[in-house]
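There's a structure below that I have some questions on.
The values are calculated or read from the model by the stated rules, or taken from the named source; none is laboratory data. Everything numeric here is computed off the predicted structure, so don't read it as measured data. All Cβ positions, even for glycine, are placed from backbone atoms using ideal geometry, and neighbour counts span all protein chains on display. These accessible areas exclude ligands, DNA and RNA; they are computed on the full protein's heavy atoms, side chains included. Shrake-Rupley method; radii C 1.70, N 1.55, O 1.52, S 1.80 Å.
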Amino acid sequence: MSSRSRRLRDKWRAKTWYSVITPPYFGGKEIALIPAATPEHMLKRVVETTLYEITGEFAHQYLKLYFQVIDVRGTNAYTVFKGHEYSRDYLRSLVRRGSSRIDGIFDITTKDGYKLRVSVVAFSTHRIKTSQEKAIRAIMKQIVEAKAASLNFDQFVQEAVLGKIASDIYNEAKKIVPLRHVGVRKSKLLSYPEEVALAAVQQVAAAS
């Protein structure tokens, strides 16, 4: 074995495997094992998974979730929800000829100070007028902003990912035109109060 190969092997062996843990609002579950030389090398890492991996429900395979490591204790790496999005294949499957797609992108702040960018999409059963698109987009904005103002981050994320926000939008928007799909197709965490996020980490660490 060459000295270079030996050095690489020794460097790999020197690394520690860290268990990446979801926040309590996603069950405090292990979603990955990642090697790193030091705990500091784990901080800020973003880990991708699917909602299916957390819920075990096959219907949730299309939804990708992202978690960012914000604290390391022992060999456990604790995370904050960083965002989610539809898979490309799933979004593509929703497109139909002869229908309209309505998109709304909103920057919101939850009741406890988390800032997110939320993207909502709706598909109609047939082509609709520009005025109808604007009316649906206004409903999206009103409901998303009202939810953010009344909910903490963990509550808002659960409603966005699990479909409650989309359901509320659908129930209002269908009064304007028939719709065949409404969903929060993407979200991205822009900033968060560190003390609040770390308090959630302590909750998971204490329970483990």
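Using a 1.4 angstrom probe, figure out how much accessible area the stretch 90-187 has per residue, in square angstrom, rounded to the nearest whole.
For the stretch 90-187, the per-residue accessible area is 50 Å².
Okay, moving on. Give me the distance in nm between label points sitting 7 Å out from Cα along the Cα-to-Cβ direction at E57 and L33, one decimal.
2.9 nm
Something else now. Show the residues, 5+ positions off or on another chain, whose built amide H is closer than 5 Å to the amide H of D112.
Under 5 Å from the amide H of D112 lie the amide H atoms of F153, each far enough along the sequence or on another chain.
I've got another one for you. If you average the sequence gap of Cα pairs under 8 Å that are 6 or more apart and divide by the length of the chain, what percent do you get for the contact order?
Relative contact order of the chain: 19 percent.
Turning to a different aspect of this structure: Using all alpha carbons of the stretch 38-196, what is the percent of pairwise distances in each 10 Å bin, ordered from the shortest bin to the longest?
Answer for the stretch 38-196: a P(r) of 10, 36, 33, 15, 5, 1 percent.
Are there GluC sites (Glu not before Pro) in the stretch 46-103 that DSSP puts in a loop and that have at most 14 other Cβ atoms within 10 Å, and which ones?
E57
Give me the net charge of K174's neighbourhood, meaning all other residues with Cβ under 13 Å from the Cβ of K174; Lys, Arg count +1, Asp, Glu -1.
The answer is 0.
Want the number for V95 to T16: 0.36 nm per residue separation, take away the alpha-carbon distance, what's left?
Extra length from V95 to T16 when fully extended: 23.9 nm.
May I pose another question? For H41 and K111, what is the calculated FRET efficiency with R₀ set at 41 Å and r taken between the beta-carbons, to the nearest 0.05?
Working from the Cβ atoms, E equals 0.75.
Per residue of the stretch 37-43, in order, report the coupling 6.51 cos²θ - 1.76 cosθ + 1.60 (Karplus, θ = phi - 60°) as ³J(HN,Hα) in whole Hz, putting x for Gly and Pro.
6, 9, x, 4, 6, 7, 4
At a Cα cut-off below 20 Å, give the lysines reachable from K29, other chains included and same-chain residues fewer than 8 away excluded.
K44, K64, K82
For the chain, which whole percent of the accessible surface, found with a 1.4 angstrom probe, sits on carbon and sulfur atoms?
C and S fraction of accessible area: 49 percent.
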